[in-house]
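Let me begin by presenting the structure, written as C-alpha cells, before commenting on it.
What follows draws every value from the coordinates through simple rules; no lab data is involved. Please read these numbers as outputs of a predicted model, since none were measured by experiment. Cβ sites come from the backbone with ideal geometry, for glycine too, and all protein chains shown count toward neighbours.
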Amino acid sequence: MGDINNPRLLWLKFGLFVFVGIMSTALALFSFPYPKLACLMAVAIWAFCRAYYFAFYAIEHYADPGFRFAGLGSFIRYALRHRNDTDKGI
C-alpha cells in the first residue's frame with residue numbers, strides 16, 4: 001500500500017482522526033463524568049501529541065536531518081539503534 005497523495009483523502013483522514021478522538025473522549029467522559037478524568041485525559045492527549053511531534057518533526061529537522069521516518073515502527077527501530085550506538089560510545 002502506497003502513500004496517500006490525494007489532498008482530499010488526506011483531509012478526510014484528518015477529519016476521521018478528529019472525529020474518532022472527539023467521540024472517544026466524549027464517550028469516556030459520558031461514561032465516567034469526573035472532572036479529574038477530564039483533566040488527566042487532556043494531559044495525556046497533550047503529552048502523546050508532543051511525543052508524536054518529537055518522534056517525527058524534532059528528530060527529522062533537528063537531531064538527524066538526513067533520516068526520514070515511515071511510521072512509529074520506523075521511529076522505534078531508529079531509537080533503539082541510536083540508543084545502542086550511544087551505549088557503545090559512537
Checklist entry - Dipole size in debye (nearest 20) for the chain around its Cα centre, Lys and Arg Cβ +1, Asp and Glu Cβ -1? => result 120
Checklist outcome for this item: Expressed in Å to one decimal, the Kirkwood Rh of the chain from all distinct alpha-carbon pairs is 16.1
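Between exposed trypsin sites (Lys or Arg not before Pro) in the chain, where DSSP calls loop and at most 11 other Cβ atoms lie within 10 Å, what's the longest gap? Don't skip to the end; give the middle numbers.
On the way: sites that count: Arg68, Lys88.
The reported range is 1-67.
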Next on the checklist: I'd like the FRET efficiency for His61 and Leu37, computed as 1/(1 + (r/R0)^6) with the beta carbon distance as r and R0 of 25 Å, rounded to 0.05.
Outcome noted: 0.10
Checklist entry - What are the ³J(HN,Hα) values, in whole Hz, obtained from phi via the Karplus relation 6.51 cos²θ - 1.76 cosθ + 1.60 with θ = phi - 60°, for each residue of the stretch 55-69 in sequence order, with x given for Gly and Pro? => result 4, 10, 5, 5, 5, 5, 9, 10, 7, 8, x, x, 9, 10, 8
Checklist entry - Among Gly2, Ser74, Ala42, whose Cα sits farthest toward the positive end of the charge dipole of the chain (+1 at Cβ of Lys/Arg, -1 at Cβ of Asp/Glu, about the Cα centre)? => result Ala42
Item to check | Cβ-Cβ FRET estimate between Lys13 and Ser74, R0 fixed at 22 Å, reported to 0.05 | outcome: 0.70
